[in-house]
1. What translational diffusion coefficient, to the nearest whole µm²/s, does segment 21-161 have by Stokes-Einstein, given a Kirkwood radius computed over alpha-carbon pairs, a temperature of 4 °C and 1.567 mPa s viscosity?
2. Mind sorting T146, T159 by how few other Cβ atoms lie within 10 Å of their own Cβ, fewest first?
3. With a 10 Å radius around each residue's Cβ, average the other Cβ atoms per peptide and rank 34-43, 228-237, 194-203, highest first.
4. I'd like the Karplus ³J(HN,Hα) series for segment 145-153: coefficients 6.51, -1.76, 1.60, θ = phi - 60°, whole numbers in Hz, and an x wherever there's a Gly or Pro.
5. Order of W161, W69, W44 from fewest to most other C-beta atoms within 10 Å?
6. In the structure displayed, which of K132/K215; K89/K119; K30/K208 lie more than 21 Å apart, Cα to Cα?
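Rule-based calculations on the coordinates, nothing more; no lab input. A quick note: this is a predicted structure, and the numbers were derived from the prediction, not measured. Neighbour counts are summed over all protein chains in view; Cβ atoms, including those assigned to glycine, are modelled from backbone coordinates with ideal geometry.
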Amino acid sequence: MESILSSEISTAVTDFSLLSLFLRADIVVKSVILLLIASSLWSWTIIASKIVILRRMKRLEIEFDEIFWSGNSFDDLYETFNYNQNDPKSKIFCSAMEEWKKSKKSRSQMNSSQINSLKERMNRSMLVTFNKESELIEKNLTFLATAGSTAPFVGLFGTVWGIMNSFQSIAIAKNTNLAVVAPGIAEALFATALGLFVAIPAVVAFNKISSDFSKYFMSLDSFIDQFSTIFFRQLESN
């Protein structure tokens with residue numbers, strides 16, 4: 001009977017599956033593990049959503065450019081894009097055109113100072129829309145940077161706590177046998193590995209997604225300059 005019980009205890013101690021490590025851990029290490037798992041799930045949710053958003057924006061940008069550079073008048077383009085504003089470029093364009101339509105004077109009745117005032121209002125309107133759209137696109141993206149920088153330290157905290165438990169086990173058992181300290185060390189290493197598992201994808205994804213978003217925002221900024229230049233060139237020539 002004693003041999004069977006000893007065999008079961010030995011099997012439990014030497015079971016280093018992830019579930020067993022979690023179940024054997026104390027409340028502090030369990031809290032660290034659960035926090036890291038939750039951070040990992042939320043990070044991957046953000047990564048997936050940003051990838052979907054980026055692909056959709058690129059597709060809509062191509063569609064917008066094809067229509068915008070088709071040669072139609074700005075009024076016709078406004079009617080087209082204002083009907084269904086799906087992407088930041090169309091919203092920026094429509095915000096500028098709305099400022100133009102608020103002007104009750106026709107193009108031929110506007111003098112130089114009025115044109116400059118209109119240009120300032122339209123540029124300000126486009127900039128406000130640009131800032132709103134960029135904030136919406138980048139929402140929750142900073143969590144990836146936070147997770148990437150803090151997750152290793154959270155895992156390290158679990159590591160330190162697990163090693164402390166191992167030393168306590170040695171002191172209580174007065175035995176330096178590996179079987180005494182192995183569970184605590186395994187829990188510590190598990191917390192470290194989990195911290196890296198959260199941090200590495202978060203950092204890589206944050207850098208890649210931020211770079212792609214920066215390129216897209218540069219495209220929006222370039223469009224604002226191009227549209228403003230073309231619009232007021234036509235306005236001044238009339």
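1. 68 µm²/s
2. Placing the least packed residue first, the sequence is T146, T159.
3. Packing proxy ranking, top to bottom: 194-203, 34-43, 228-237.
4. 5, 5, 5, x, 8, 9, 4, x, 6
5. With the sparsest Cβ surroundings first, the list reads W69, W44, W161.
6. Over 21 Å apart, Cα to Cα: K30/K208.
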